[in-house]
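A short worksheet on the structure shown next.
The values are calculated or read from the model by the stated rules, or taken from the named source; none is laboratory data. None of these values were measured; they are calculated from a predicted model. Here the Cβ positions follow ideal geometry from the backbone for every residue, glycine too, while neighbour counts run over all protein chains shown. All accessible areas refer to the heavy atoms of the entire protein, side chains included, with ligands and DNA or RNA removed. Shrake-Rupley method; radii C 1.70, N 1.55, O 1.52, S 1.80 Å.
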Amino acid sequence: MKVLFVASGNSERGVSPIVKAQADSLITKGVELILFTIKGKGVKGYLSNIRNLKKTISQFSPDIIHAHYSLTAFVTSLASKKPIVVSLMGSDVKSSNKFKPVVRFFSKYVWSTTIVKTEDMKESIRLKNAVVIPNGVYLDRFRPLS
């Protein structure tokens with residue numbers, strides 16, 4: 001299986017450690033995966049990536065695209081008709097009400113699957129079709145405490 005991850009690359013460290021860990025875990029399971037990082041801030045900055053994203057999709061020909069965060073997913077939706085899985089990471093659901101109707105529309109009509117990290121996120125965004133999948137934990141590094 002070929003998977004294209006799409007995520008912001010605007011932080012000093014590049015892609016989020018959560019996204020990087022997810023990518024690495026899939027690669028160790030034999031998934032062919034590449035990561036496309038969005039460069040630029042705001043709507044205009046994100047939209048400027050569409051041409052390069054289309055080129056990457058055409059060259060890599062992924063079976064599925066996994067976009068992290070809503071703004072990244074909107075751009076991905078404009079760049080491809082391939083199945084798109086979207087992980088809403090929290091801030092895009094909890095911080096602003098202005099994007100919620102747009103997220104609900106895309107989740108219902110454009111994206112193949114929408115993932116949220118908690119039941120609280122699912123309730124906050126009011127997405128009946130969202131799937132709750134928390135981010136993983138390295139059990140060899142962490143253990144539950146009372």
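Quick notes on this one:
- In sequence order, segment 54-59 has phi-based couplings of 4, 4, 4, 4, 5, 6 Hz under the Karplus curve 6.51 cos²θ - 1.76 cosθ + 1.60, θ = phi - 60°, and Gly or Pro positions carry x.
- Compactness index (Cα Rg / 2.2 N^0.38 Å), segment 1-74: 1.06
- Among the listed pairs 55/98; 100/122; 94/128; 82/108, those whose Cα-Cα separation exceeds 22 Å are 55/98.
- The trypsin sites (Lys or Arg not before Pro) of segment 1-104 that DSSP puts in a loop, and whose beta carbon has at most 15 other beta carbons within 10 Å, are 13, 29, 39, 41, 81, 98.
- Taken along the Cα-to-beta-carbon direction at a fixed 7 Å, the label points for residue 48 and residue 124 span 3.0 nm.
- Within-13-Å neighbourhood charge of residue 134 [Cβ basis; K, R +1; D, E -1]: 0
- Net charge of Cβ neighbours under 15 Å - reference residue 63; Lys, Arg +1; Asp, Glu -1: +3
- Beta bridges by DSSP in segment 52-146, antiparallel share as percent, to the nearest 5: 0 percent
- Kirkwood Rh, Cα atoms: Rg over Rh of segment 1-133: 0.94
- In this view, the solvent-accessible surface of residue 120, computed with a 1.4 Å probe and all protein chains in place, comes to about 80 Å².
- The residue 34 and residue 146 beta-carbon pair, evaluated with R₀ = 30 Å, returns a calculated FRET efficiency of approximately 0.10.
- Accessible area of the chain belonging to carbon and sulfur atoms, whole % at 1.4 Å probe: 57 percent
- Residue 133 accessible area, 1.4 Å probe, all protein chains in place, Å² to nearest 10: 80 Å²
- Quotient of Cα Rg and 2.2 N^0.38 Å for segment 80-146, N being how many residues it contains: 1.29
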